[in-house]
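Beneath this line is the structure, given in structure tokens, with notes to follow.
Since every read-out is calculated from the coordinates, none of them should be taken as a lab result. Keep in mind that this is a model prediction, so the values were computed, not measured. Counting neighbours? That spans all protein chains shown, and the Cβs are built from the backbone with ideal geometry, glycine included.
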């Protein structure tokens, strides 16, 4: 189904993105249903931006002088991007689940840290609104690419990797992985993905506003009774 709204995508990365629409919602157009963030959408958006800004600064420092890089220096950057990615995924699901037959339970959405689960819902939303061809950025040319990148980020957790490698004879095995890990390329891919998620969430919000303005009311396929499924 075509919802008549084009995603504003592929912004030049050297330019400041426009202020997210999430900071200036239209009065009277937001859903009457409880949100996962309890109205703190602006604060969460700014927090996600701050995480990404700090991650970029650390990447720039490592890129400037490779000689100062220690084996584990990429790990904090990975965690910063992971947290920012989680918040952007939740923001998109929060805006886009209105289009699904069953809305995502806000309690489950607020408490989960499972990126793969969030990515699955994002894919459902994108397919439902028919934006598969628009949901692209550098390194993501399809929903399959998107899911693969999110899975990759999920697998990068430094503690998980350390635990899995703890039984190996070589105590440097985990640090060796991060020594060869291309954090600069990783950051470029994640910057593009976060930007794509941001503008898609805005586009979904605008499309829903447009739909409710035309219909004069919010129409949901799902019932109002939602049972939480905590992940």
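What is the spin-label model distance, in nm, from residue 38 to residue 141 if the labels are put 7 Å beyond Cα along the C-beta direction?
Going from the residue 38 label point to the residue 141 one covers 4.5 nm.
Please give the FRET efficiency for residue 128 paired with residue 54, using the beta carbon to beta carbon distance and R0 = 30 Å, rounded to the nearest 0.05. All intermediate terms of the calculation are to be shown ahead of the outcome.
Values: r = 34 Å, r/R0 = 1.14.
Plugging the Cβ-Cβ distance into 1/(1 + (r/R0)^6) gives 0.30.
If each of residue 110 and residue 148 carries a label point 7 Å out from its Cα toward its Cβ, how far apart are those two points in nm?
3.7 nm
Label residue 47 and residue 214 with points 7 Å out from Cα along Cα→Cβ: what is the distance between them in nm?
3.5 nm
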